[in-house]
Every structure is written in C-alpha cells, then in structure tokens.
Amino acid sequence: MTMPGLPTRFDTRAGFLDALRAGLALARAEGLPMAWVDEDFVDWPLGEAGWVAALTEWVQASTRARLRLFARRHDAVAQRHPRFVGWRQRFDHRLEARVLRAEEDAPLPGLLLCGEVLAVRLLDRERWRGRTVRAQEEPVEMQRLRQQIEAVWQRGEPGFPASHLGL
C-alpha cells in the first residue's frame, strides 16, 4: 500500500492538514476504520466541503468504515463545522463519539488513526509540528499509538449526540 505525497514529518499548519487529508484518502481507498482524537477539532478541516464529501464516500464504500471521535468537548465542532455536524447526523450509525470526563485534565493528542496502517500525530500545537507513522515501517510505534487511543477511549464517556431532544 503506497501513500504518495505523505511526508514523515510536518511543521506547518498546511502540512498538518495535508497529512490529515492523506489519512482520510487512505481510509477511503482501503475502507479502513478511523479514530480521531483532539482537544476540540477546531483546527481540523472537518467543515470543508471536500472533507465531508470524502467522508461520505468512505462511509458508503465500506461496511468496515467506522469512526471513533474523541475530544475534551465537542462544542467547538458544533459551532465551527456545521457541514460535519450534518454528516454526523446522517451517518450516526457509523460514528461513536466520546468526551473526556470532567475530572480528567490530561492533554489530548492530536491524532488520526487509519485502521492499523497509518497514524497522523500532532506533537506541538503551537508550531504545528508532527509526524506520520506507518505500520509497515514502525509497527511498535503504531501499536503504542493504538494502545494510547484505547486508554483515552476508556477514560471517556458518551458525548456529541447526533441530535438533541427537547421538550
């Protein structure tokens, strides 16, 4: 499986966004499940029409297409990315969202995981430094990141419902 144009390291916001888009393209092409972790997803391209179209293609092309979304809070997603919120409502059956419990104060990594194949990791939010991890090249690091996501997931609770019911 080749990932042309995907750098091993990035140090700009554009590089981070390109790496996220490449990860989504890989997940779409291979029908891989994904996990996303971030403090609030404010800086992710979730609201872009192209991102939402790629997500739609991904979820419609594979029964394995599942998304685990984890943040400290999802308020910013709802406010800043209305296209993604609409996508989330439409494909609720393919997405599970969780939030960090209120008593937890550990920082969350910026991380996109494509199955067991690729991870995009934002290491320094201020300088936009990060790296990609390919399982073929770094299987131990990929396993560590998958375990990190699972540990974060276990510390969370359901959040970001598809709809809000009111009286």
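The values are calculated or read from the model by the stated rules, or taken from the named source; none is laboratory data. Quick caveat: nothing in here was measured; it's all calculated off a predicted structure. All Cβ positions, even for glycine, are placed from backbone atoms using ideal geometry, and neighbour counts span all protein chains on display. Keep in mind that these areas ignore ligands, DNA and RNA; they rest on the heavy atoms of the full protein, side chains included. Shrake-Rupley method; radii C 1.70, N 1.55, O 1.52, S 1.80 Å.
Quick notes on this one:
- Label-point separation, ARG125 to ASP92 (7 Å along Cα→Cβ), nm: 2.9 nm
- By DSSP, the beta bridges lying fully in the chain are antiparallel in about 65 percent of cases.
- Its Kirkwood hydrodynamic radius, worked out from the mean inverse distance over all distinct Cα pairs, puts the chain at 16.1 Å.
- The figure for GLU30 is an accessible area of roughly 80 square angstrom, using a 1.4 Å probe on the protein chains alone.
- For the chain, averaging the sequence separation of C-alpha pairs within contact (under 8 Å, six or more residues apart) and dividing by the residue count gives a relative contact order of 28 percent.
- Alpha carbon centroid spacing (whole Å) that separates the stretch 1-61 from the stretch 64-95: 14 Å
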